Amino acid sequence: MGANFALKRNMKNINKIYIDGGFVTPKGVEEADIISPIDGAVIARMTYANEEDTVLAIRAAARALKSYSQSSINERKGYLQRIHDEIMKRMDELIEATIREYGATRERAKWSNMLAATTFLSYIPIIESYPFERAVNESRVVMEAVGVAALFTPWNSSSGSIAVKVAPALATGCTIILKPSEFSPLQSQLIMEAIDASGLPPGVVNMVNGRGDVVSKPILESMDVRKIAFTGSTQVGKLIARQSVETMKRLTLELSGKSANIILDDADLTAAIPMALQSAFMNNGQACIAGSRLLVPWTCLEEVRKILLDTAPQFTVGDPGRLDVKLGPVASRKQFDRIQQYIAAGMAEGAELIYGGPGRPEGIETGYYVKPTIFMGVNNDMQIAREEIFGPVLSVIAYGDEAEAVDIANDTSYGLMAYISSKDIKRAEKLAPQLKAGRVLINTLKHDPLAPFGGYKHSGIGRENGTFGLEEYLEAKTLIA
């Protein structure tokens, strides 16, 4: 049974959640408009789940855990395969929903939704080879499903974040309460339809779409929920962590970032600087991994300035459905206003604005479009260098030698990602261990979906993806005879 997308004046009514194997009308009565960032138009109206709905989802997941946690690897492989297949059937719809609802460019929308589909597929060989039982000294260690898992996913990568959490949870035998962002209901409903069509037993996956503060309360208080995986801001992640201690829930937190991109003095600037702009402006600048601090040797500053100014116009802003557009709008009016405040702060603190700046791009009157913006003359004490802006704003910071570059890169509360550009790979590889970041990319923007992803310091706890992500949903039990 599919979600009820009743059309009225080209607007969708999203008035179903998913509990115990079916789409049901929520008991909550609060409604909210879903506004497209492309033009500010209302494209959907959704009804929020409330605490009572969440309690029903927890109970359904707890009941289903008894049998699903004992399911065979072959059974789970079948579900993962079928979810992948069902997502692929909805790929065109997902791409269009991601563009219209979120403002992703067509290229980004296709990439992120294909990643969602392949993530489910990738866990099949992982659980085929993973040692769920192993001998350790005189004991036998059994890796068991942690239990009922509550999964909180963000709006900046809706389907991909759902897959990164749901796939390993299902692969280990956990049951799930999924709380997707209330700002991406079109995308999450389509993914939930694909999961429903896979034939999973009732209660294995449940979805409650509503306000985070309302839905999280019964989840955090429940002893049945043993695991929380959350992607979002560090501020909210800390709140969840504090409240989880009372019931000793296991945590995976993928949080904020303020990543440094170090350009070494031997780098090929004609390749490194365009890549640096791409790392800063990816996903319309709304990426926790964005290389938003560009660290450049003093000796290269003027050449870097020239390449930045020559390259930046290639990052065209406009209707994200067009193939020639590189940046769409940011996700909401709130995001737009927040980014404008940071741009104003950078100018007020004395940073040199060399490209972009306040307001919408010329010729765009509606929607939440931000000018891709570049500041030079930034120091690491400025607000734009210390806080996650979550928009297409790049800060260029000059340094003297490698040691100073490392000090600047590590002088942050965060540690999610770092980037290095150098012609000498061995030199870059020697530098990489000095950076306090969960991932370091050298001369590339490549994503490895099977390698662990997560951060140091305030960028989170735990890791996602591949075997490391699988183990976040497992408990070790030692058997001694």
**Report entry** Residue check for Glu93: in contact with a helix residue (DSSP H, G or I) (Cβ under 7 Å, 6 or more places away or on another chain) and in contact (Cβ under 8 Å) with a residue 12 or more places away in the chain
**Finding:** yes
Query raised in the report: Which numbered condition trips up Ala405, out of (1) surrounded by fewer than 17 Cβ atoms within 10 Å (Cβ to Cβ); (2) among the aliphatic types (A, V, I, L, M); (3) under 30 Å from Arg338 (Cβ atoms)?
Result: (1)
Query raised in the report: Taking the stretch 316-342 as the region of interest, how many residues are in contact with a Leu (Cβ under 8 Å, 6 or more places away or on another chain) and not in a loop (DSSP other than H, G, I, E, B)?
Result: 1
Report task. Provide a single number: the residues in the stretch 389-399 that are under 19 Å from the mean Cα position of the chain (by Cα) and surrounded by fewer than 22 Cβ atoms within 10 Å (Cβ to Cβ). Result -> 0
Report task. Would you be able to tell me the number of residues in the stretch 45-74 that are small (Gly, Ala, Ser) and surrounded by 22 or more Cβ atoms within 10 Å (Cβ to Cβ)? Result -> 5
Requested in this report: Mind listing whichever residues of the stretch 132-155 are among the aromatic types (Phe, Trp, Tyr) and either in contact with a Cys (Cβ under 9 Å, 6 or more places away or on another chain) or crowded, with 20+ Cβ neighbours inside 10 Å (or both)?
Outcome: Phe152, Trp155
**Report entry** Within the stretch 106-146, considering residues that are touching a strand residue (DSSP E or B) at 6+ places or on another chain (Cβ under 7 Å) and of a type in the set (Val, Ile, Thr), the one nearest to Gly318 (Cα to Cα)
**Finding:** Val146
Query raised in the report: So which of Leu323, Leu301, Leu308 is modelled with pLDDT under 95 and either aliphatic (A, V, I, L, M) or touching a helix residue (DSSP H, G or I) at 6+ places or on another chain (Cβ under 9 Å) (or both)?
Result: Leu323
Requested in this report: For the stretch 1-105, please list each of the strands (runs of 3 or more DSSP E) lying entirely inside it that holds at least 1 residues being β-branched (Val, Ile, Thr) and under 25 Å from the mean Cα position of the chain (by Cα).
Outcome: 11-14, 17-19, 31-35, 42-47
**Report entry** Selected residue [acidic (Asp, Glu), under 26 Å from Lys227 (Cα atoms) and either modelled with pLDDT under 95 or not assigned by TED's automatic domain parsing to the domain that holds Gly318 (or both)] from Glu86, Glu30, Glu51
**Finding:** Glu51
Query raised in the report: Do you know which residues across the stretch 117-148 are within 16 Å of the chain's Cα centre (by Cα) and either modelled with pLDDT under 95 or part of a loop (DSSP other than H, G, I, E, B) (or both)?
Result: none
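Yes/no matrix, rows are residues, columns are (1) touching a Pro at 6+ places or on another chain (Cβ under 8 Å); (2) of a type in the set (Ser, Thr, Tyr); (3) surrounded by 16 or more Cβ atoms within 10 Å (Cβ to Cβ):
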site: Ser279; (1), (2), (3): no, yes, yes
site: Met282; (1), (2), (3): no, no, yes
site: Gly291; (1), (2), (3): no, no, yes
site: Thr311; (1), (2), (3): yes, yes, yes
site: Ala345; (1), (2), (3): no, no, no
site: Gly363; (1), (2), (3): no, no, no
site: Thr373; (1), (2), (3): yes, yes, yes
**Report entry** Search result, residues across the stretch 106-116 that are within 15 Å of the chain's Cα centre (by Cα) and of a type outside the set (S, T, N, Q)
**Finding:** Arg108, Ala109, Trp111, Met114, Leu115, Ala116
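For (1) free of Cβ contacts under 8 Å to residues at least 40 places away in the same chain; (2) more than 30 Å from Trp111 (Cα to Cα), each residue gets a yes or a no:
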{"site": "Ala398", "(1), (2)": "no, yes"}
{"site": "Glu402", "(1), (2)": "no, yes"}
{"site": "Glu429", "(1), (2)": "yes, no"}
{"site": "Leu435", "(1), (2)": "no, no"}
{"site": "Asp448", "(1), (2)": "yes, no"}
{"site": "Ala451", "(1), (2)": "yes, no"}
{"site": "His458", "(1), (2)": "no, no"}
{"site": "Glu464", "(1), (2)": "no, no"}
{"site": "Lys477", "(1), (2)": "no, yes"}
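The values are calculated or read from the model by the stated rules, or taken from the named source; none is laboratory data. Computed from a predicted model, the values in this text were never measured in an experiment. Ideal geometry is used to build each Cβ from the backbone, glycine not excepted, and the neighbour counts take in all protein chains shown.
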